[in-house]
Amino acid sequence: MRGSMPDDARASAVVTMPVAPSAIARALPTTGISHASLMTTQQALEQIADAAVGSLTVMTPFLNRDGLSLVLELFRRTPAPLRRLIIRRVGSAHTTVLAGRKDLIAADVSVLDYTLPAEVGFETFHAKVVLADQNIAYVGSANMTVYARYSMELGLMTENRAAKVIASVVRAVERIATPVDLR
């Protein structure tokens, strides 16, 4: 499957820098002025949460306790009434969700698990997406684990038609994923 950046789409480069001192942080200024337009991952995620009107969806295969705190903060700050967290059963995300179920219930977040049996193993995902309605999306390498502060993460925040295409993929995942019982 292939997509292209539609004419009215806008994209911003989004980065999480490793903790200082960072070799990449020292090298970036030597590449030219364009590095100055980088947006931090935190800024991008907050902007998306604030922009959501109808729904905010966070799709992450990796989640730990600190990452759940970040995700909950995004859900608490959004005015959107529909709040979805998509995880996968493989790894620690499912355990983290169950441990944080009271906070997720209090924030009115529904949790979906995209881990489906397949002929060999499971059908699941590795994508990291934060989506406001179908208008603004972050897609990139940033996991909701927070402790990965020694890794440089890179992604794109996109709007308009490109975000709508990303939203169609996320909505398809929502249709096939299994609800996680938080009770």
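Any read-out appearing in this document is the output of simple, stated calculations on the displayed coordinates, not a laboratory observation. Please read these numbers as outputs of a predicted model, since none were measured by experiment. Heads up, the Cβs are rebuilt from the backbone with ideal geometry, glycines too, and the neighbour counts pull from every protein chain shown.
A few remarks follow.
- Qualifying chymotrypsin sites (Phe, Trp or Tyr not before Pro) in the stretch 83-183, DSSP loop, other Cβ atoms within 10 Å at most 13: 147, 150
- Part-to-part distance (alpha-carbon centres) for the stretch 49-69 and the stretch 133-179, which is given in Å: 9
- On full extension, the segment bounded by residue 22 and residue 10 gains 1.4 nm, given 0.36 nm per residue less the C-alpha separation.
- Crossing angle, helix 65-77 versus the chain [Cα axis fit, 0-90 degrees, rounded to tens]: 90
- Restricting the GluC sites (Glu not before Pro) of the stretch 88-177 to loop positions (DSSP other than H, G, I, E, B) with no more than 11 neighbouring Cβ atoms within 10 Å leaves 119.
- The chain: relative contact order as a whole-number percent, Cα under 8 Å and 6+ apart: 30
- Local electrostatic count at residue 48 - Lys and Arg +1, Asp and Glu -1, tallied over other residues with Cβ under 12 Å: -3
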